[in-house]
1. In degrees, nearest 10, range 0 to 90: what is the angle between the Cα axis of helix A:115-130 and the longest Cα principal axis of chain A?
2. Please list the radius of gyration and Dmax for the protein assembly as shown, considering alpha-carbon atoms only, with Å as the unit.
3. In nm, to one decimal, how far is the modelled label at residue B:21 from the one at residue A:219, with both set 7 Å along Cα→Cβ?
4. Relative contact order (percent) for chain B, with alpha-carbon contacts under 8 angstrom and 6 or more residues of separation?
5. Run the numbers on segment A:82-205 and let me know its relative contact order in percent, using alpha-carbon pairs under 8 Å that are six or more apart.
6. Could you give the C-alpha radius of gyration of segment A:16-56 expressed as a fraction of 2.2 N^0.38 Å, taking N as the number of residues it contains?
7. Could you calculate the FRET efficiency of residue A:34 with residue B:79 from 1/(1 + (r/R0)^6), where r is the beta carbon distance between them and R0 is 41 Å, rounded to 0.05?
8. Rounded to the nearest whole Å³, what is the per residue volume of the convex hull around the Cα atoms of chain B?
DNA sequence: ACCTGAACACCGTTCAAGT
DNA sequence: ACCTGAACACCGTTCAAGT
């Protein structure tokens, strides 16, 4: 958070932040698999093993990278009503995870939670409690929302086509490829051929559809 | 699908199925990271590179492994009403993914879908169409359900404690560890300390809570 | 304190060779 | 047809050494 650069830097020095920044940028561009400690050193303009001074191993580097992503998620504002606040936080989470597709699948399992993670967690719980959810209902509400958000981005980041038009084109291509099997799979033929290949599939509106369905369901769980 | 073993096998021969079976079992026990092509050869009682005869590379091996998991998911029965059928299919998906924790995160992104995957996909679409969902509503309904199911298991498989009691104990341990920071994070203190550390967190009931919330929301989308 | 280079035990993949 | 062994270009990590 606060940069403590020595006043007498002879050259481009390394730092925890700069290593993290470079690692995130590198993973964004080439994927997490392509990010090796050696490649990271090179990208930093330093030696192959230079990152090991700041991170004991690759797992701890990933801990740090994940918390960078958490830091980009907009926490729910206490100014807004709970539904709007949760909706915006969900959208912000989706956006952050789409900027850093390597992160999904590593956001939850960390044994030591980063500072940004904990801060966001606390803000979400506070939003729900303030809206009149009981302790139990708060746990429920948190679970459903996060399962949905992470699951949606997981599906989304795995699919190649991005826009609704791309999606329609890809659907049409796949229909051609599987043409001889379509008799065996009539419902895929109907839904993909009759709908997706025509109107496409827009991730943003699809995301909001499910999100609002969940938020409306949760609203009935509140007290008063 | 159909086994074509030669009648004159001199010894324990390899086969596509046996390689796949062994790979899945190995990943179940030690994780996907620990599964190397060399280790797999050893586990098969064959040479280090033996699996390369059946799979061009590790990615195609993973394609096959993922479809094994899809094959373990119970497709929706046409005998049941749509909500019960979807509920059972969701529970079955969660169970399969919990048996094969390495699979989550690899189920969706495959470029060539396996046979079991396509079969299940078609059955789910058929169930929804048969229940009176329009083409558009079917796509919505599929999206929400799968996002929720995958996302829930993603969270679940990342957490270490399994039972509600374990969870409560772990929560208590974490409360101790973060004691000095609790003033900064009052809502975590309240929810974790006041609820989770006491009653725990049962994954199965938590899963059904969100699932039913979604299914009930979707019910209002049907025609007639 | 901060960074480097060589060394170790591993990878995935290719390919000529064996039966 | 089915499998093997050696070889290549990579990994993550350790550690003694440099400044």
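Every read-out reported here was derived from the displayed coordinates using simple, explicitly stated rules and does not represent laboratory data. None of the values given here were measured: they were computed from a predicted structure. Don't worry about glycine lacking a Cβ; one is built from the backbone with ideal geometry, like all the others, and counts go over all protein chains shown.
1. 50 degrees
2. 23.7, 79
3. Result: 5.4 nm between the two label points.
4. This gives 17 percent for chain B.
5. Numbers: 68 pairs, mean separation 32.6, N = 124.
Across segment A:82-205, relative contact order equals 26 percent.
6. On the way: Rg = 9.1 Å, N = 41, 2.2 N^0.38 = 9.0 Å.
Working it through for segment A:16-56, the quotient is 1.01.
7. Working: r = 48 Å, r/R0 = 1.18.
Efficiency, from the Cβ-Cβ distance: 0.25.
8. Details: hull volume 39.4 nm³, N = 224.
Value for chain B: 176 Å³ per residue.
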